[in-house]
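Asks: Sharing a structure here in structure tokens format.
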Amino acid sequence: MSDASTATATSATSEPAPALAAMPRAGWHVATVVATRQETAKAARLELDVDGWPGNAAGQHLDLRLTAPDGYTVTRSYSIASSGPGTRVVLAVDKLPDGEVSPFLVDEVRVGDRLEVHGPLGAFFVWRPVDRGAVRAAGDGAGGAASALRARPVQLIAGGSGIVPLFAMATAHAEARDLTPFRMLYSVRTPDDLFFAEELMALAAASDVFRLDLVYTRRTPDGWPNLAGRVTRAALAAAVLPATERPIVYVCGSTGFVERVASWLIELGHDARDIRTERFGGI
Amino acid sequence: MSFITRGFSGRGHERDERLPPGQTLAHDFPVLSAGPTPEIDTAEWEFSIATETGGVHSWNWEQFMALPIEEVDTDIHCVTHWSKLGTSWRGVSLDTLFEDVETQYEYVMAHSYGGYTTNLALDDLLDGKAWIAFEFDGEPLDPEHGGPARLLVPHLYFWKSAKWVRGLVMMGEDEPGFWEQNGYHLHGDPWKEERYW
Ligand SMILES: Cc1cc2nc3c(=O)[nH]c(=O)nc-3n(C[C@H](O)[C@H](O)[C@H](O)COP(=O)(O)OP(=O)(O)OC[C@H]3O[C@@H](n4cnc5c(N)ncnc54)[C@H](O)[C@@H]3O)c2cc1C
């Protein structure tokens, strides 16, 4: 391949493409459900112990396969709310009333059930803590390298269940005591629809570098300063880190939510290469 | 490995023979993109094929639309487990575009506006297997789905059908493109479930 085409091949990523060799290999695993809990009125949290799971980075997902007694199978993708080494994996599933898989996972699955999962998957919609050792080493040497390694601020934007991989990132950020400024904009229908409500409030309360902005689209809590309504371009402009700070932006939610938000981000001056998206489906 | 999931009976029992393993029939049009949807004006659009000798064949929108156009009715399979059956497209066959292209190389890197890439074997693009499509269901192709023009290689998972395509670069050896560097399979045959590697 010519040099020119090599340059364009990597230009979609603002950093070099993550070395796949460094990523845990994806494979099929048997997961045992070790805990379930209601997450919201419509959603459940499932904690799995996955036999042979190689660990996963924040933002990755897995494929989950169900098999009926007659051999019929169905597979869906689910983001992972947890990260790090170990075999525990947390999922959070929103029930689509007419859905085939999500009502089963939310209403039927119980502790002790076994599920087939394939993963961990995805190497692009991923966030990793800054390697402070590397920054220091580069700082001792060439100043240019140090500034190249200094992490850019991160803006997370979630719609509904799109919070799942972004929650994994926010948690990984806190656990690593990473000082990269993190800001999260989370859009949900009502206060009862917040996933990881307690954990997110605790993260925001405990940290000077993590900030949480909530948007309620149908009903707000009492005394909330803003009216209920969808995220607008103006609301986005007001709540997200400005393009001048060159944040890396992760956007996750239904396809329609992601399309709207990502196109507004471009209009607000963010570079397309700095915006990473995960589209869950739907409209 | 596969075992019955306790309590699961499934809904879609009349399984369609046209669905590859692990796929579900979609009624909407699934979208897989790693970033925002680029907006490309056909006035600035250009498509090119570059070979090992430095030769470049290129077409602007007007020249491209003057080429023979084919109607394609086909099933499409997205790696996110969704398939759409009987979709209809209009586009230019890669056989037409490669007519005057001389190359010894057997692999191709498809490049898109926005910087994305995906690798393909030339064999997967010729002999009536691939098109540059600009119309879906009788309408100009939406930017969200790769408009103004995308590669259409329906016998492979749909990420190989590079959206917003702007050119093909011949390669001597198979090398992973953007999606493949991020975990997707080098080849991507849905009937063999070549999703990830
Ligand atoms: C990478 C990835 C990660 C995902 N992570 C999560 C996750 O962490 N939590 C989670 O709850 N879901 C997640 N999803 C969505 C999930 O894969 C399923 O699509 C969802 O659970 C619906 O499946 P179902 O079988 O219940 O509904 P289906 O029977 O498949 O569909 C029912 C109807 O709902 C529509 N639909 C499908 N998905 C959505 C959606 N997201 N919003 C609105 N309408 C939709 C379909 O078009 C269909 O008309 C993820 C999807 C992807 C691609």
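The values are calculated or read from the model by the stated rules, or taken from the named source; none is laboratory data. Remember, predicted model here, so these are calculated numbers, not experimental data. Here the Cβ positions follow ideal geometry from the backbone for every residue, glycine too, while neighbour counts run over all protein chains shown. Accessible surface is based on the protein model in full, side chains and every heavy atom, while ligands, DNA and RNA are left aside. Shrake-Rupley method; radii C 1.70, N 1.55, O 1.52, S 1.80 Å.
Asks: What number goes with the only condition from (1) without any contact (Cβ under 8 Å) to a residue 60 or more places away in the chain; (2) in contact with a Cys (Cβ under 9 Å, 6 or more places away or on another chain) that B:GLU135 does not pass?
Replies: Going through (1) without any contact (Cβ under 8 Å) to a residue 60 or more places away in the chain; (2) in contact with a Cys (Cβ under 9 Å, 6 or more places away or on another chain) one by one, B:GLU135 breaks only (2).
Asks: Follow-up. In the range A:66-100, how many are facing chain B (nearest Cβ under 10 Å) and more than 12 Å from the ligand (Cβ to nearest atom)?
Replies: Result for the range A:66-100: 7.
Asks: Separate question: Identify, please: which residue in the range A:55-65 is within 21 Å of A:GLU175 (Cα to Cα) and within 13 Å of another protein chain (Cβ to nearest Cβ) and is, among those, nearest to the ligand (Cβ to nearest atom)?
Replies: A:HIS61
Asks: Quickly run through the range B:11-26 and pick out the residues that are of a type outside the set (A, V, I, L, M, F, W, C), part of a loop (DSSP other than H, G, I, E, B) and either crowded, with 19+ Cβ neighbours inside 10 Å or within 16 Å of the ligand (Cβ to nearest atom) (or both).
Replies: B:ARG11, B:GLY12, B:HIS13, B:GLU14, B:ARG15, B:ASP16, B:GLY22, B:GLN23 - these are the residues of the range B:11-26 that are of a type outside the set (A, V, I, L, M, F, W, C), part of a loop (DSSP other than H, G, I, E, B) and either crowded, with 19+ Cβ neighbours inside 10 Å or within 16 Å of the ligand (Cβ to nearest atom) (or both).
Asks: Any idea which of B:LEU156, B:LEU151, B:LEU120 is more than 15 Å from B:LEU32 (Cα to Cα), of a type in the set (A, V, I, L, M, F, W, C) and touching a residue at least 12 places away in the same chain (Cβ under 8 Å)?
Replies: B:LEU120
Let's see how each residue does on (1) in a strand (DSSP E or B); (2) not basic (Lys, Arg):
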position: A:VAL33; (1), (2): yes, yes
position: A:ALA44; (1), (2): yes, yes
position: A:TRP53; (1), (2): no, yes
position: A:ARG65; (1), (2): yes, no
position: A:GLY86; (1), (2): no, yes
position: A:ASP107; (1), (2): no, yes
position: A:HIS118; (1), (2): yes, yes
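Asks: Name the pairs: first residue in the range A:188-211 and in a helix (DSSP H, G or I), second residue loosely packed, with under 13 Cβ neighbours inside 10 Å, Cβ to Cβ under 7 Å, at least 6 apart or on different chains?
Replies: Once the first residue is in a helix (DSSP H, G or I) and sits in the range A:188-211, its partners that are loosely packed, with under 13 Cβ neighbours inside 10 Å give A:PRO191/A:PRO221; A:ASP192/A:ALA41.
Asks: A follow-up question, please. Is it true that A:LEU214 is within 14 Å of A:GLY253 (Cα to Cα), out of contact with any Pro (no Cβ under 6 Å at 6 or more places or on another chain) and open to solvent by less than 30 Å² (accessible area, probe 1.4 Å)?
Replies: Judged against the criteria, A:LEU214 is not a match.
Asks: With the structure loaded, tell me whether A:PRO103 is more than 17 Å from the chain's Cα centre (by Cα), at pLDDT 90 or above and within 16 Å of the ligand (Cβ to nearest atom) or whether it fails that test.
Replies: yes
Asks: Another question, if that's okay. How about the range A:106-129: which of its residues are open to solvent by 20 Å² or more (accessible area, probe 1.4 Å) and near the ligand (Cβ under 10 Å from one of its atoms)?
Replies: Hits for the range A:106-129 are A:VAL106, A:GLY122.
Asks: If you don't mind, there's one more thing I want to ask. Out of the residues in the range B:27-58 that are over 19 Å from the mean Cα position of the chain (by Cα) and surrounded by 13 or more Cβ atoms within 10 Å (Cβ to Cβ), which is nearest to the ligand (Cβ to nearest atom)?
Replies: B:THR42
Asks: Still on this structure: Select from the range A:251-273 the residues that are in contact (Cβ under 8 Å) with a residue 60 or more places away in the chain and open to solvent by 10 Å² or more (accessible area, probe 1.4 Å) and write down the one among them that is farthest from the ligand (Cβ to nearest atom).
Replies: Step by step, filter the range A:251-273, then rank; the result is A:ASP271.
Asks: State whether the residues of the range A:227-236 include one that is more than 14 Å from chain B (Cβ to nearest Cβ), crowded, with 17+ Cβ neighbours inside 10 Å and farther than 28 Å from A:GLY122 by Cα.
Replies: yes
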